[in-house]
Amino acid sequence: MTIIDISRALAKGMAVWPGDTPYKLATILDRQQGEIVNLTTLTISAHTGSHADAPRHFTDDGLAMDAVALRPYWGHARLVTVTKEAGPLFPADFAAYDLRGAERLLVRTPLQGLPFDQFPAAIPYPSPELADYLGQLGVILYGTDAPSMDAVDSEDLPGHKALLRNGIAILEGLDLSRAGDGRYELVALPLKIVGGDGSPVRAALRPLE
């Protein structure tokens, strides 16, 4: 069975959202120093690398990570590619694809080739019009290689809120470089973090065609 890892590697120097907690792996116990086991401590933001956003991240009364349903993060998905380098994405940007029946939509953007340690100055992101369109099609998850569902400098987060209004879960920061456009089974389960506003995921695809 072919499994394609679409998770970004967590490593020192990786790009994080400006002002967010840098990723760190600290050795607490070391077998090379005579300890019984190797033991490390992670310092990490809930939004590092490939991750899920909980509604709590951008709303006051939204569900936290431990309360969200798991169904959106496991099941049939459709991977497509858009060419817009920055700005809002509209239904017309997906005119080349038949998205009917695509419960989980994964969107590869030109950001895919960005260096590991570089955070983008501008990104493509779903417009409220696109969120409403996808909601009408029955989409329950929107995933992308971009770090956000809104412009980097957005303060009101209309993309995030429109996806939530349409019952669409969010995956950000995926690595879609090793998978071609097509149909897959997606697995990207978030951690059960009580009160959490997000969670890193280990995301993978199994080709269905």
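Brief remarks on what is shown
- Every pair of residues 6+ apart whose Cβ atoms lie under 6 Å, when the first sits in region 95-109 and is touching a residue at least 40 places away in the same chain (Cβ under 8 Å) and surrounded by 11 or more Cβ atoms within 10 Å (Cβ to Cβ) while the second is aromatic (Phe, Trp, Tyr) and in a loop (DSSP other than H, G, I, E, B): none
- Within the span defined as region 106-117, one or more residues are more than 17 Å from the chain's Cα centre (by Cα) and part of a loop (DSSP other than H, G, I, E, B).
- Among (1) closer than 18 Å to Ala169 by Cβ; (2) without any contact (Cβ under 8 Å) to a residue 60 or more places away in the chain, the one test that Val68 misses: (2)
- Gly101, sole failed condition from (1) closer than 30 Å to Arg165 by Cβ; (2) in contact with an Asp or Glu (Cβ under 7 Å, 6 or more places away or on another chain): (2)
- Residue-level analysis places Glu85 outside the set of residues that are modelled with pLDDT of 95 or more and touching a Gly at 6+ places or on another chain (Cβ under 7 Å).
- Criterion (within 14 Å of the chain's Cα centre (by Cα) and not hydroxyl-bearing (Ser, Thr, Tyr)) met by exactly one of Ala46, Ala15: Ala46
- Residue check for Ser154: surrounded by 19 or more Cβ atoms within 10 Å (Cβ to Cβ) and modelled with pLDDT of 95 or more: no
- Being of a type in the set (Ser, Thr, Tyr) and part of a helix (DSSP H, G or I) holds for only one residue in Tyr142, Tyr133, and it is Tyr133.
- Total residues in region 174-209 satisfying the condition of being of a type in the set (D, E, K, R), within 24 Å of Met1 (Cβ to Cβ), part of a loop (DSSP other than H, G, I, E, B) and in contact with a Phe, Trp or Tyr (Cβ under 9 Å, 6 or more places away or on another chain): the figure is 2.
- Test: residue in region 103-120 that is over 26 Å from Leu10 (Cβ atoms) and among the acidic types (Asp, Glu): yes
- Cβ-Cβ under 9 Å pairs, at least 6 apart or on other chains, region 167-182 side closer than 20 Å to Asp98 by Cα, far side modelled with pLDDT under 95: Leu176/Gln112; Gly182/Glu209
- Leading residue by the ranking (farthest from Met14 (Cα to Cα)) among those in region 121-130 that are outside any loop (DSSP other than H, G, I, E, B) and in contact with an Asp or Glu (Cβ under 9 Å, 6 or more places away or on another chain): Leu130
- Scanning region 36-57 for residues that are closer than 15 Å to Gly173 by Cβ, of a type in the set (A, V, I, L, M, F, W, C) and either assigned to a strand (DSSP E or B) or at pLDDT below 95 (or both) returns a single hit, Ala52.
- Filter result for the condition that a residue is outside any loop (DSSP other than H, G, I, E, B) and either among the acidic types (Asp, Glu) or farther than 23 Å from Pro147 by Cα (or both), over Ala96, Ala77, Ala26: Ala26
- Scan region 80-93 for residues that are more than 15 Å from Leu137 (Cα to Cα) and in a loop (DSSP other than H, G, I, E, B) and the total you get is 5.
The values are calculated or read from the model by the stated rules, or taken from the named source; none is laboratory data. Worth saying up front: this structure is predicted, and the values here are computed from it rather than measured. Neighbour counts run over all protein chains shown; Cβ positions are idealised from the backbone, glycine included.
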